[in-house]
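Each remark here refers to the structure printed beneath this line.
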Amino acid sequence: MRLFIHLPIFCLFLWGIAIPAVGDPLEDFNPVTPLEDPGEILNLLDELESESPDSDDVGYLLHPANTSSPRDTTVSFLKLTQRFYDLISDESYSSKERVEVFHLFGQMQEFFDLRGVAPSLQKDYASASAIYLREIIDRVGLPLLEDIPDERMMSKAIKDGFPARWQLPGMPFEIIRIDSGEDEGHYVFSSETLMEVKPLFSEIRHLPYRTDKAKDFYYYFFLTPNPVIPSALIDNLPSWALADFYEQTVWQWLSMLIVLLAAVLSVLLLRMLIKRIANGKADLVRHSLFLIPPGYTIVVCYISHDLIDDKIFITGDVFQVVVYVIYAIILMCAIILIFMLGTIVADIVTGSKRLHQSFDSQLTRIGIRILSIVVCLAILIQGLHHIGFSLATVIAGAGVTGLAVALAAQSTLRNVFGSLMILLDKPFRVGQRIKVGATDGVVEEIGLRSTKIRLLTGHVTSIPNERMADAEIENIGQRPYIRRLTNITITYGTPIPKVRRAVEIIREILSVPEDFIAEVGNQHPNACINHPDFRPRVAFNEFNPDSLNILMIYWHFPPDYWESMAFTQRINETIMKRFEEEGIEFAFPTQTIHLAGEKVTPFPNIEAESNGPANETTSS
């Protein structure tokens, strides 16, 4: 019998040895990551664990909002709003406390589901909602702390299939659990609470307080200025200036209007001044000066935002409208600034001596333009998201808009792609003379939509890049030389020896004498047409209807048009002089008519027998 009694006891003893007791250090033992031995820093740990004399001053700065459960959210909300009230209701709080006020101001957004609120308004929206909610709670009250579910109670409820939310008794406010995103697992007041808290406060604000711990919270938050403005100055204002009008006092309205009016006037005056200074300046200087107004406008907007938000202390819906307007102006000015900056960089690249009139400069310029447009679109999308538009909605809208624009502006897009093809294929460049169909002129600009050509008449014509990319282009500016092919005609009555002499004379005129010694700076005038691979060519090649034809070809280096014209004039004058000395006559268009029955003059003497019986008619 004793064996049966002692056997279970013995088994329990063995069980106790085999399994560590609760709290035994072996319970958390991990052979992979062994525990750190604190023996070497025990003194340091003692100092850090001791109570700091300034711990009360920094406690609220270091302690964030606790939203682990509906109970923790409620308690933490009351603690932080109470501290917030204690600070803003004290007219003489220090600069250190001012830092704490801004910290608490930011912590208010931890208590609310702000996923549907614009990022630029989340902090102000949450702080205003916190004031309304605290005013309601102080009038309506809360259930017993034990009746507010903690984390353990909520976990059990979720396991039992209940929704992860808790509604404040007697109020249409819910604390919900965030199930996704960076705040997953936190319990916050729902987005519906944000929408209902202000209307409900307006309905019950006449009710008496159940506690005066945060009495007149609404007044101290909405209707008092920043402590930077002396309270004595506000107290001495007339009663009408302290009247409440749409959550702001009259003096706050007037101060905000003065700030906005001063900002607008300063921007307009600066714009007028810049226009006057930039008048008559070079393009690069003018574009650089025009960067100042949008940049200045952005700075003024931020200063105005700081004055209205932090100094005059505009709050509520009025502040939200002001923020929307200010951020829209900042967004517009940022886009203008980026686009103009891209224009300036493009002008600098185009004006560079190294890249001047090269395809690299034109390709770089268009690339900078396209890049600036892409950056502007990115800023626009991010700015709209910051103002409050859903990023998915903005991107979807941009896609639909892009499709509509692509369908409506097909020709423009074809021109843009045509410009890219031109710049990549490089059939011509800026400054070169080209011939496209009947258009002959010098290329002045290769743009995104069209190519501008200065015609030989002085006019400028623009040809869409779509046509330029498909057209047959004759690039006159890329020729390595200027070829002259001309026919020198002499009369039919010229004897063969003189024909041969005419060819010899022309060859002599075009050649460089063998005994000529070329020196540096002393080149023969005909050296420009006597390239080793392109020698002048002269030949008696054709019997024309009214003349004997001598073909003359030479290639002028370099391909300078006006130098070639001057050389051509000298050659022509020399040929005329030498032919006159040799008695060789130039032919001109003639027509000889023989009447029937008359004796025909032999071929070689047609022109020589000027007194013959033939009746000649000459026309030019």
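The values are calculated or read from the model by the stated rules, or taken from the named source; none is laboratory data. Because the structure is predicted, anything quoted here is derived from the model rather than measured. Positions of Cβ are generated from backbone atoms using ideal geometry, with glycine treated the same way; all protein chains shown enter the neighbour counts. Remember, those area values only see protein heavy atoms, side chains included, never the ligands or the DNA or RNA. Shrake-Rupley method; radii C 1.70, N 1.55, O 1.52, S 1.80 Å.
Quickly run through the range 281-326 and pick out the residues that are under 17 Å from the mean Cα position of the chain (by Cα) and crowded, with 20+ Cβ neighbours inside 10 Å.
PRO294
Those residues that are farther than 15 Å from SER127 by Cβ and part of a helix (DSSP H, G or I), I need them from the range 309-327; list them, please.
At the first step, the residues of the range 309-327 found to be farther than 15 Å from SER127 by Cβ are 311-312, 321-322, 324-327.
Result: LYS311, VAL321, VAL322, TYR324, VAL325, ILE326, TYR327.
Please tell me if ARG449 is more than 24 Å from GLY367 (Cα to Cα), touching a residue at least 24 places away in the same chain (Cβ under 8 Å), out of contact with any Pro (no Cβ under 6 Å at 6 or more places or on another chain) and open to solvent by 40 Å² or more (accessible area, probe 1.4 Å).
It is false that ARG449 is more than 24 Å from GLY367 (Cα to Cα), touching a residue at least 24 places away in the same chain (Cβ under 8 Å), out of contact with any Pro (no Cβ under 6 Å at 6 or more places or on another chain) and open to solvent by 40 Å² or more (accessible area, probe 1.4 Å).
When you scan the range 321-329, do you find a residue that is under 30 Å from ASP347 (Cβ atoms) and at pLDDT 85 or above, even just one?
Looking only at the range 321-329, we keep the residues that are under 30 Å from ASP347 (Cβ atoms), and these are 328-329.
Narrowing further to those that are at pLDDT 85 or above: 328-329.
The answer is yes, given that some residue of the range 321-329 is under 30 Å from ASP347 (Cβ atoms) and at pLDDT 85 or above.
Between SER76, SER89, which is in contact with a helix residue (DSSP H, G or I) (Cβ under 7 Å, 6 or more places away or on another chain), under 23 Å from LYS198 (Cβ atoms) and surrounded by fewer than 21 Cβ atoms within 10 Å (Cβ to Cβ)? It would help to see each step written out before you state the result.
Numbers: SER76 fails: in contact with a helix residue (DSSP H, G or I) (Cβ under 7 Å, 6 or more places away or on another chain).
Only one candidate passes the filter, namely SER89.
Can you pull out every residue in the range 327-351 that is among the hydroxyl-bearing types (Ser, Thr, Tyr) and open to solvent by less than 40 Å² (accessible area, probe 1.4 Å)?
Result: THR343, THR350.
It is to be established whether one or more residues within the range 93-107 are acidic (Asp, Glu), open to solvent by 40 Å² or more (accessible area, probe 1.4 Å) and modelled with pLDDT of 80 or more.
No: the range 93-107 contains no residue that is acidic (Asp, Glu), open to solvent by 40 Å² or more (accessible area, probe 1.4 Å) and modelled with pLDDT of 80 or more.
Do the conditions hold for THR67, that is, is it touching a residue at least 24 places away in the same chain (Cβ under 8 Å), in contact with a strand residue (DSSP E or B) (Cβ under 8 Å, 6 or more places away or on another chain) and of a type in the set (S, T, N, Q)? First the steps, then the outcome.
Values: touching a residue at least 24 places away in the same chain (Cβ under 8 Å): yes; in contact with a strand residue (DSSP E or B) (Cβ under 8 Å, 6 or more places away or on another chain): yes; of a type in the set (S, T, N, Q): yes.
Yes: the conditions hold for THR67.
Conditions tested, residue by residue: (1) within 29 Å of ASP179 (Cα to Cα); (2) in contact with a Lys or Arg (Cβ under 8 Å, 6 or more places away or on another chain); (3) surrounded by fewer than 17 Cβ atoms within 10 Å (Cβ to Cβ).
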site	(1), (2), (3)
LEU114	yes, no, no
GLN122	yes, no, no
SER127	yes, no, no
ILE131	yes, no, no
ARG134	yes, no, no
ASP138	no, yes, no
PRO143	yes, no, yes
ILE148	yes, yes, no
GLY161	yes, no, yes
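Please give the strands (runs of 3 or more DSSP E) falling wholly within the range 369-487 in which 2 or more residues are touching a Ser or Thr at 6+ places or on another chain (Cβ under 7 Å), more than 24 Å from CYS333 (Cβ to Cβ) and at pLDDT 85 or above.
439-446, 450-455, 460-464
Tell me, yes or no, whether the range 448-460 has at least one residue that is β-branched (Val, Ile, Thr), farther than 30 Å from ALA587 by Cβ and over 36 Å from the mean Cα position of the chain (by Cα). Before the answer, list the steps.
Here is the first cut: in the range 448-460, the residues β-branched (Val, Ile, Thr) are 451, 453, 457, 460.
Cutting the leftovers down to farther than 30 Å from ALA587 by Cβ gives us 451, 453, 457, 460.
Filter once more, keeping what is over 36 Å from the mean Cα position of the chain (by Cα): 457.
Among the residues of the range 448-460, at least one is β-branched (Val, Ile, Thr), farther than 30 Å from ALA587 by Cβ and over 36 Å from the mean Cα position of the chain (by Cα), which makes the answer yes.
With the checklist (1) surrounded by fewer than 13 Cβ atoms within 10 Å (Cβ to Cβ); (2) more than 60 Å from the chain's Cα centre (by Cα) in hand, flag the one item VAL499 doesn't pass.
Unmet for VAL499, out of (1) surrounded by fewer than 13 Cβ atoms within 10 Å (Cβ to Cβ); (2) more than 60 Å from the chain's Cα centre (by Cα): (1).
Has the range 431-438 got any residue that is touching a His at 6+ places or on another chain (Cβ under 9 Å), touching a residue at least 40 places away in the same chain (Cβ under 8 Å) and either among the basic types (Lys, Arg) or closer than 29 Å to HIS556 by Cβ (or both)?
yes
Looking at LYS281, is it free of Cβ contacts under 8 Å to residues at least 40 places away in the same chain and part of a loop (DSSP other than H, G, I, E, B)?
Yes, satisfied.
Take ALA502 and tell me if it is closer than 30 Å to THR439 by Cα and assigned to a helix (DSSP H, G or I).
Here the answer is no, as ALA502 does not meet what is asked.
Go through the residues of the range 570-581 one by one and say whether even a single one is farther than 17 Å from VAL503 by Cα and touching a Phe, Trp or Tyr at 6+ places or on another chain (Cβ under 7 Å).
No, every residue in the range 570-581 fails to be farther than 17 Å from VAL503 by Cα and touching a Phe, Trp or Tyr at 6+ places or on another chain (Cβ under 7 Å).
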